[in-house]
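Have a look at the structure below, then the notes.
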Amino acid sequence: MDVLAVVHGENAKSELFGDVVRGQGHRLDEWSLAWATPLPLPLDSYDAVLVFGGAMHADQDDRHPWLREENFFLQRLLDLGTPTLGICLGVQLLAKAAHSWVGPAARPEIGWVDVELTDAGMDDPLLGLLPPRFSTFQWHSYTYGTPAGAEELARSSSCTQAFRLGERVWGVQFHPEVTASQIEQWIAEDTDEVDGDALLAETSERIGEWNDLGRTLCEGFCELAERAAAAA
């Protein structure tokens, strides 16, 4: 398959997911609308799309004018029905493209946060691959409204955590793609927001199990995209 990774910064790329996608023999293109360069392939040539996180917020079009273009880009992606998975900023941008709201969360979630699947999540072909309750790595202060017609798949004590729109579009607020080295970079860039030593220590204990769940999620998404491509 040809897989597109839409990225939003040098420290918010495909990470673990890139390794999984390539390891399964698929081709992966990392690309950003902020680069103002053409897509490597036409959009309708991609069999699957991953939309990753970033330091900006989904409603900051005034600071990042390319976000307006990305909104239209994602709306086109939704129209095509391409299998898509959005992560953190990516889920917020997908919700916005589907005409839902995005805005500040009741409280930020930075670090390790427990998440629980809804009944729909446990029955979902992708999120249902995860345990009913699991600890996730998160780094966000914004949230979103579940789009009209979508099913909420997971929640934390603070906010919604995942949805499926139609049969081929998913979004998760947590970071299943994150690696230990990536977390170290984020902590180094935001020393005022977190207790870096404590978070690094907890990450050292949890990251192995979390990466196993991340691989499960990415492999499951690729399998669903392969089925969709075979059926096309």
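Odds and ends about this structure:
- Region 52-123-region 173-232 distance, computed between alpha-carbon centres (Å): 16
- Segment Ala36..Thr216, full-extension length gain: 61.5 nm, with 0.36 nm per residue of separation and the alpha-carbon distance subtracted.
- Near Ala232: Cβ cut-off under 14 Å, other residues only, Lys/Arg at +1 and Asp/Glu at -1. The net charge is -3.
- For region 120-232, relative contact order (Cα pairs under 8 Å, six or more residues apart, normalised by length) works out to 26 percent.
- Choice from Ala148, Ala120, Ala36 with maximal GNM fluctuation in the chain (Cα, 10 Å cutoff): Ala36
- DSSP H segments from the chain that extend 27 Å or more along their own axis, Cα-based, with Kyte-Doolittle mean of 0.5 or above: none
- Inter-label distance, nm, simple model (7 Å from Cα along the C-beta direction), Gln185/Asp61: 2.9
- In this calculation the C-beta distance from Gln24 to Leu129 is compared with R0 = 22 Å, giving a FRET efficiency of 0.90.
- GNM flexibility winner over the chain from Leu93, Leu213, Leu85 (Cα, springs under 10 Å): Leu213
- When Cα extents along the principal axes in Å is calculated for this entry, the matching label among (1) 62, 40, 40; (2) 52, 36, 34; (3) 47, 39, 35 is (3).
- Taking the fewest neighbouring Cβ atoms within 10 Å as the starting point, the ordered list for Lys13, Lys96 is Lys13, Lys96.
- Antiparallel bridges, percent of DSSP beta bridges restricted to the chain (to nearest 5): 55
- Taking the number of Cβ atoms within 10 Å of each Cβ as an exposure proxy, the fewest-first ranking of Glu15, Glu193 is Glu193, Glu15.
- Mean separation of Cα contacts under 8 Å, 6 or more apart, over the residue count of the chain: relative contact order %: 21
We did not get these values from a lab; they are worked out from the coordinates using the rules stated. Keep in mind the model is a prediction, meaning the values are calculated, not measured. When we count neighbours, we look across all protein chains shown, and the Cβ atoms used for this are built from the backbone with ideal geometry, even at glycine.
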